[in-house]
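Here is the structure we will look at.
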There are 2 protein chains.
Amino acid sequence: MHGSPPAQALNQAVPDPSPELLARASSLRRHAIDLAQCSDQQRQEALRAMADALEQQREAILLANQDDLQAAEQEQLAPALLSRLKLDRTKLDGAIAGIRQLAQLPDPLAQRQLHRALDEGLVLERISVPLGVVGVIFEARPDAVMQIAALAIRSGNGAILKGGREANRSCSAILAALQQGLARSAVHPDVLTLLTSREESLALLKLDGLVDLIIPRGSNALVQFIQDNTRIPVLGHADGICHLYVDRQVDLDQAVAVAVDSKAQYPAACNAIETLLLHKEIAPAFLAAALPAFAQAGVELRGDGAAMALGVSQSASDDDWATEYLDLVLSIRVVDSMDEALEHIARYSSRHTEVICTTNTETAERFLARVDSAGVYQNCSSRFADGFRYGFGAEVGISTQTLPPRGPVGLEGLVTYRYRLRGDGHIAADYASGARQFTHQNLPL
Amino acid sequence: MHGSPPAQALNQAVPDPSPELLARASSLRRHAIDLAQCSDQQRQEALRAMADALEQQREAILLANQDDLQAAEQEQLAPALLSRLKLDRTKLDGAIAGIRQLAQLPDPLAQRQLHRALDEGLVLERISVPLGVVGVIFEARPDAVMQIAALAIRSGNGAILKGGREANRSCSAILAALQQGLARSAVHPDVLTLLTSREESLALLKLDGLVDLIIPRGSNALVQFIQDNTRIPVLGHADGICHLYVDRQVDLDQAVAVAVDSKAQYPAACNAIETLLLHKEIAPAFLAAALPAFAQAGVELRGDGAAMALGVSQSASDDDWATEYLDLVLSIRVVDSMDEALEHIARYSSRHTEVICTTNTETAERFLARVDSAGVYQNCSSRFADGFRYGFGAEVGISTQTLPPRGPVGLEGLVTYRYRLRGDGHIAADYASGARQFTHQNLPL
């Protein structure tokens with residue numbers, strides 16, 4: 001979500017794929033079809049072979065990353081981006097361990113979701129299957145290649161990867177290792193490919209028929225650019241403008257702790273809050289306790305008039321309510337009622353995660369029922385909105401779109417389903433004529 | 001899917017919504033939020049009130065339909081379109097009965113799909129919720145208004161409806177009745193609206209933020225035009241180029257019956273087959289039996305060279321393999337192997353429904369595993385690809401996209417989910433520091 005190529009830089013005519021890219025994507029798709037036929041065990045072994053190869057290539061990968069870092073330093077990349085670009089031994093070992101853990105997760109494929117006899121001898125099943133090929137556009141962040149490639153293989157999908165330009169050398173070294181590992185498994189190495197030029201990454205948008213889903217991990221503007229320029233479905237991972245509403249009936253200490261954690265525990269994440277909404281009856285007591293806590297956490301506050309009257313020193317403009325700071329900045333508004341808070345959220349929220357702090361169960365239930373965000377929380381930090389924390393083992397991103405998959409998306413975001421119907425010469429005419437009737441008996445899954 | 005406005009007629013600049021339409025859609029959205037809070041029983045009662053009102057307004061609706069029919073006859077609408085436009089007493093009663101049945105279907109909302117303690121006192125749930133507002137563009141077919149409106153209300157969604165122009169009078173009369181019914185229920189009548197002009201239906205594409213899903217029931221070209229001109233997700237209901245492959249090991253009588261049914265039982269449907277692929281070893285015997293059967297059913301056959309050598313009189317061009325006839329026409333190709341059939345399908349199929357006739361279980365399993373269509377069938381007619389036949393009670397359409405919802409889509413295509421997390425002051429910092437650990441215990445659903 002952060003450090004991705006700025007959308008305006010992409011805003012040029014989307015080129016057609018080169019014959020070379022088309023050939024590569026077609027070959028990748030064919031190999032992905034074979035991958036989809038691999039057993040759970042074969043895909044697990046492929047992940048272990050990928051992990052082994054990364055271990056064997058550790059030095060080459062770390063050296064490539066050194067080269068990326070040097071170039072980035074010369075280009076004076078921002079410190080936050082440099083730290084994300086940097087791949088040290090600890091980070092690499094963590095990523096390798098992540099791949100081994102992913103191998104252990106339950107198989108997302110071949111799950112029977114429906115099993116129903118439509119009539120005697122005419123049996124319908126709904127079975128989870130891979131999407132096919134996913135295209136993932138991500139930040140200049142070498143560990144993302146490993147995680148995304150592993151997620152793709154585990155779920156039986158081919159993957160076309162495009163990382164931030166600054167990480168090209170690291171990503172290439174990692175991809176080479178992953179492919180070496182796959183070469184020792186039942187999975188063809190060419191189910192993975194890495195795009196390294198901007199032209200190729202733009203042309204990816206025109207690979208409809210060869211790519212089934214594009215996952216842009218980038219800014220809102222990037223996601224929107226991609227949605228506007230492709231017919232391929234896009235997993236709408238966008239910005240997070242998350243809210244915390246503090247009700248008039250509340251455990252004050254708890255609410256202050258939740259507010260500080262939701263903002264300051266990792267402010268660059270999309271699941272950090274940007275706006276605090278305070279019920280007018282609790283605002284004085286809450287701010288009395290919270291102002292020192294925010295000051296200690298280094299949070300800059302911007303308030304509406306009522307909040308400023310209670311000690312918030314800077315004023316919030318209308319723009320503040322619509323801004324994802326991704327930084328230690330928080331806007332504060334005092335509201336007359338929960339309804340006013342709900343209206344504010346409906347207007348400004350990006351439908352990522354919204355929190356209420358209240359001790360009143362009825363109030364909480366009303367909030368949880370009426371706020372239409374992917375996550376609606378009571379009395380806990382917005383920072384829990386995360387695939388690992390939800391227990392999904394890994395995540396491809398957080399979707400802020402309304403349609404499923406929504407919220408933190410794990411392996412299940414990379415699978416779809418297929419209906420299988422097995423009969424014994426059954427024809428529709430017999431049911432149209434009334435000669436036979438559907439029975440629709442559910443069978444054990 | 002059929003008789004929808006031709007895409008080329010839409011191919012003009014998409015206008016911005018008028019202030020009036022924006023106001024109507026905003027109001028509709030607000031009422032839809034209230035509808036989402038209604039109980040299962042309230043939504044059931046709303047459907048029954050809609051059915052009652054349709055009964056009370058039966059004469060007015062039938063008269064409006066008479067007017068539509070007269071105008072359409074003057075415009076010399078094709079007989080198939082006239083017959084779809086016509087709403088007689090029987091059709092109307094059937095639609096009313098359908099609404100009452102829909103009321104009885106299990107509630108698609110408030111279903112708990114996941115229930116997990118992340119830690120003591122920190123409990124995650126995933127709950128099905130409505131999408132919000134759906135926009136449905138459909139053929140000049142008055143019964144569709146009733147079905148779509150009932151599906152929307154049952155699943156807690158507002159709906160913006162746009163039917164084919166020729167049915168405007170019928171649709172308006174029906175909508176008026178439905179709203180009269182809703183006025184006697186807990187659901188506000190303004191959760192439904194009907195667009196009657198082409199300008200409004202184009203402007204619908206720009207109602208992002210107010211409409212969550214667009215369901216175009218129309219031609220491939222219409223669906224593609226909409227996908228290219230909106231940021232709102234589109235349920236990709238497209239054409240069906242379905243195949244039947246007859247293996248060399250087969251029950252001949254059964255295969256002939258399945259082939260004839262798949263083509264001729266209702267050739268205008270998207271789930272009818274367009275191409276028959278015959279293994280070369282079975283082609284002579286199969287065609288000897290099938291040619292008279294197809295002739296009797298009035299099916300025009302177009303074959304490749306090998307099929308023509310076996311008695312098919314007309315030749316198929318390359319275009320035939322890529323054509324959805326929606327008529328009593330069938331292309332036939334003789335293949336050397338199942339692999340050749342699989343390649344043909346991968347190239348030409350619209351991934352709707354593909355059938356194999358074979359008595360060899362291994363062959364069948366290979367076909368069912370490798371063909372990536374929404375439906376993969378063995379020894380039964382492609383015509384079973386239908387929400388009613390699958391036992392979904394009702395369908396909003398058949399999706400040929402890869403991502404879920406795929407295939408026949410019932411009520412579940414109109415719902416999404418939301419994560420609810422309830423804690424007792426839990427903050428992320430405690431897990432980052434190691435003071436607390438996630439337990440990820442699944443709880444009963």
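Readers should treat all values here as calculations from the given coordinates under stated rules, not as data from a laboratory. Keep in mind it's a predicted model, so treat the numbers as computed, not measured. All Cβ positions, even for glycine, are placed from backbone atoms using ideal geometry, and neighbour counts span all protein chains on display.
Some values worked out for this structure:
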read-out	value
Cross-link reach list, aspartates and glutamates versus A:K162, counting only Cα pairs under 16 Å and skipping chain neighbours closer than eight places	A:D68, A:E139, A:D143, A:D190, A:E199, A:E200, A:D212
Whole-angstrom Cα spans of the protein assembly as shown along principal axes, big to small	88, 71, 51
³J(HN,Hα), Karplus 6.51/-1.76/1.60, whole Hz, each residue of the stretch B:310-324, x for Gly, Pro	9, x, 6, 8, 9, 9, 8, 8, 4, 4, 4, 5, 9, 10, 8
Principal axes of the stretch B:307-434: Cα extent on each, largest first, Å	78, 34, 30
Within the protein assembly as shown, helix-based [θ] at 222 nm, where runs of 4 or more DSSP H residues each add -39,500 (n - 2.57), nearest 500	-12500 deg cm²/dmol
Loop sites in the stretch A:235-307: chymotrypsin sites (Phe, Trp or Tyr not before Pro), DSSP, at most 11 other Cβ within 10 Å	none
Principal semi-axes in Å for the stretch A:212-283 [√(5λ), Cα gyration tensor, largest first]	35, 12, 9
Shape of the stretch B:89-239, Cα gyration tensor, a/c cut at 1.5	oblate
Amide proton proximity set for A:T353, modelled H, under 5 Å, gap of 5+	A:H243, A:G375
Whole-Hz ³J(HN,Hα) from phi, Karplus 6.51 cos²θ - 1.76 cosθ + 1.60, for the stretch A:200-213, glycine and proline x	4, 5, 5, 5, 3, 5, 9, 8, 5, x, 10, 10, 9, 7
Amide proton proximity set for A:G303, modelled H, under 5 Å, gap of 5+	A:Q314, A:S315, A:A316, A:I332
Taking the C-alpha atoms of chain B, convex hull volume expressed per residue in Å³	184
DSSP-assigned coil residues among GluC sites (Glu not before Pro) in the stretch A:92-141, each with at most 15 further Cβ atoms within 10 Å	A:E120
From phi via Karplus (6.51, -1.76, 1.60), per-residue ³J(HN,Hα) for the stretch A:23-28 in Hz, x at Gly/Pro	5, 5, 5, 5, 5, 4
Cα-Cα P(r), the stretch B:211-342, percent of pairs per 5 Å interval	2, 11, 19, 20, 17, 10, 7, 7, 5, 2, 1
Of every Cα-Cα pair in the stretch A:2-143, the percent that sits beyond 22 Å	63
